[in-house]
Amino acid sequence: MKNILKQLCLIDGVSGRENLVRETIISLLPSDCEYTIDALGNLIVTKTGKKSSKNRIMLSAHMDEVGMIVTFIEQDGSLRFSTVGGIDPDVIVGSCVRVNNISGVIGSKPIHLKSAQDRSKSVSIYELFIDIGASCKEQAEEHVNLGDVVTFDSEFLQFGEGKVKSKAIDDRFGCAVLLKLLREDIEYDFTCAFLVQEEVGLRGARPATYAVNPDIAVVFETTTAADTPLSAGKDKVCVLGSGAVVSFMDNATIYDSELYKLAFLTAKENNVLCQTKTAIAGGNDAGAISQSRNGVKTISISLPCRYLHSACCVADEQDMDAILNLATKILPKLFEL
Amino acid sequence: MDIKDTLLKLCKVNGVSGREDEVAKLIRTTLSSYSDDIFLNPLGSVVAKISEASDNYPEILLEAHIDQVGLVVTSITDDGFLTVANCGGIDVGLLISQEVIVCGKKDIRGIVCSIPPHLKRSKKKESLTMDDIYIDIGMSKVEAEKIINVGDVVTYDYKPVCLVENRISVKSLDNRAGVMAVLLALEKLKQCDYKCGLTVAFSSMEETSGKGAATSGYFANPDLAICVDVSFAQTVDCPKNKCGDMGKGPMIGISPTLDFNLSSKLQNIAKKEKIPYQLEIMGGATSTDADKICVSRNGVVTGLCSIPLKYMHSPVEVVDIDDIENTANLLANFVMLCKDDVI
């Protein structure tokens, strides 16, 4: 799992430019799968099992990651940008990025030149710029175009006790889970949807779900774990090491209660660690999927992840195993519901 | 000497203010090509005698600080997170979400915690302080305590980036760029004849107290000194009157606390040898080692040369290699051309 995850995380695929991620996923599909690519770039993969279930099941994950897009080139060669997806400007100050295969840095006004007022203020995106080393606009234009996307430059590393740090764990993890499930020996037909543009408004999910027309959907995602000293009690939302996160509600969806209970029951029966979110926070493709056509019964199974939407997402390998385990155990039950 | 290669080696080793051992070791090894007379003082500064002055020629000191800004561990929480304090001036805002290395019994990777958006919205946090900074090392307290002690230092992670043109971005260019310029000057001078005495000093603790320079200056006991540091290179968000331009050469310091004749002499040499240069005008003390060295013993005629640098004290500081080379050229030419008349 870790190897596929690493391979996927290191690919650059900001919302709207998911091509390389999609190509890699296609190259990793087992030979007995068929796939289509729709107008937005969603990759819809069907696996034929020995039987057809009365419930059409769709599993989904999104291929895109948050990033930035170049909006303007200053006379001194620095690049102004907008964020793509929700990035807090405070987490990108002092970071390394990649634009058009060129390295750049997002620096910061030196503390020595900041007034006392400015020193502790949150930074605005309009104050930031990317430095690729160009000394003037013309030089910058030799390497970069307006509209180029920018990704975090962040290695995939293991650290601490069973922890992993990388960019784009959201949601290359979900993609890795789908790829693993496609390789399993599963009795029934099912569909895996690798979606685009989740980070910019759950957009890929709409046409994909319309095309697949499922009865039940399971969204594999990552979700905010705030289990650091900066949060207390319920504000931690979920905890690394406490297993798969199955939530009852977030800002985009009230999940199907039958499926929610089934997930916890399945986890208990199989000794898989499972937790829920203690705050209503975040949202994912389930928000779009659940309202497709006449409605779709939906749950999400998520990886607790610290520092989401930054270059350094942190997750626990134990939780990754728990999710894969839960997925393989719950899937047969969904076919027979 | 491959400048980029040597510079990156210098930036890779750690030397948070007060804990410069690794850098000092690397510098002493490098200096052994130029001197048999190398002294490591009790505060961690390295001083080496390169040559003795001929009659009536001055003893020159070229100096650069070797320490970098960082953090120091103040406690380990029950959940295994680390609290820290500043060791040198790091902007708290820059720490959020950074990758760091904790220098414990072995080097441990950490991530500085960031405040999740849902929490930011509910608490209107206007100002960030060190009390809001925790380092996630992904371990339990029990495991953490086996490797890390309170008092261990923390640095930015080493992530070198080659930019277009001859520019690089990496931690600790403040002041390994200055160190590089002095070492490069020594390399150039190796092939040359000159009559001035030459000592080099690589001082500890500039970012915190300046005691490394006070003590290295004392030991070197020169007639005149040039300190080599970094200073602000212009970016869109900085005031023009406080910055030099990247790529336009060393910034020669002019200030009431620096020797005006020496500043002029440096400019003249730059003009004569066609070395690009700029001026950095300051109204008082320079906030560099020059402030300590010039009041050492009976006083020292002191000048300052700074390499333009962007994003000072961040993990992504940027320099232009050409500026380092031109600074080294200026220093080497100064040593060769300097005569008694400058004092």
Most mobile of A:293, A:206, A:80 in a GNM of chain A (Cα contacts under 10 Å): A:293
Per-residue ³J(HN,Hα) for region A:182-187, Karplus 6.51 cos²θ - 1.76 cosθ + 1.60, θ = phi - 60°, Hz, x for Gly and Pro: 5, 8, 6, 8, 10, 5
Translational D in µm²/s for chain B (Stokes-Einstein at 20 °C, 1.002 mPa s, Kirkwood Rh from C-alpha pairs): 103
Overall form of region B:206-343 per C-alpha gyration tensor (a/c, 1.5; a/b vs b/c): oblate
Debye, to nearest 20: dipole size of the protein assembly as shown, +1 on Lys, Arg Cβ, -1 on Asp, Glu Cβ: 1160
Of all accessible heavy-atom area on the protein assembly as shown, the percent that carbon and sulfur account for (1.4 Å): 48
DSSP beta bridges in the protein assembly as shown [antiparallel fraction, %, rounded to 5]: 60
17 Å Cα-Cα reach of residue B:195 towards aspartates and glutamates, excluding residues that sit fewer than 8 places from it in its own chain: B:52, B:55, B:59, B:187, B:223, B:340, B:341
Projected-area average for the protein assembly as shown over all orientations - Cα convex hull basis, square nanometres: 30.7
Candidates B:127, B:172, B:33, ranked by Gaussian network fluctuation over chain B, Cα under 10 Å, top entry: B:127
Beta bridge orientation in chain A: antiparallel %, DSSP, nearest 5: 65
Three-way shape call for region A:1-137 based on the alpha-carbon gyration tensor, with the a/c threshold at 1.5: prolate
Residue-normalised accessible area of region A:65-130, given per residue in Å² at a 1.4 Å probe: 38
Solvent-accessible area buried by pairing A with B, both sides, nearest 100 square angstrom, 1.4 angstrom probe: 4800
Estimated inter-spin distance, residue A:20 and residue A:145, nm [label 7 Å along Cα→Cβ]: 1.6
Isotropic mean projected area of the C-alpha convex hull, chain A (nm²): 18.1
Region B:121-187: trypsin sites (Lys or Arg not before Pro) falling in loop per DSSP and having at most 11 other Cβ within 10 Å: B:123, B:124
Per residue value of the accessible surface for region B:1-160 (all protein chains in place, 1.4 Å probe), Å²: 42
Percent antiparallel among DSSP beta bridges (both partners in region A:192-337, rounded to 5): 25
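The values are calculated or read from the model by the stated rules, or taken from the named source; none is laboratory data. No experiment lies behind these values; they were computed from the predicted model shown. For neighbour counting, all protein chains shown are included, and Cβ atoms are generated from backbone atoms with ideal geometry for every residue, glycine included. Accessible surface areas use protein heavy atoms only, side chains included; no ligands, DNA or RNA. Shrake-Rupley method; radii C 1.70, N 1.55, O 1.52, S 1.80 Å.
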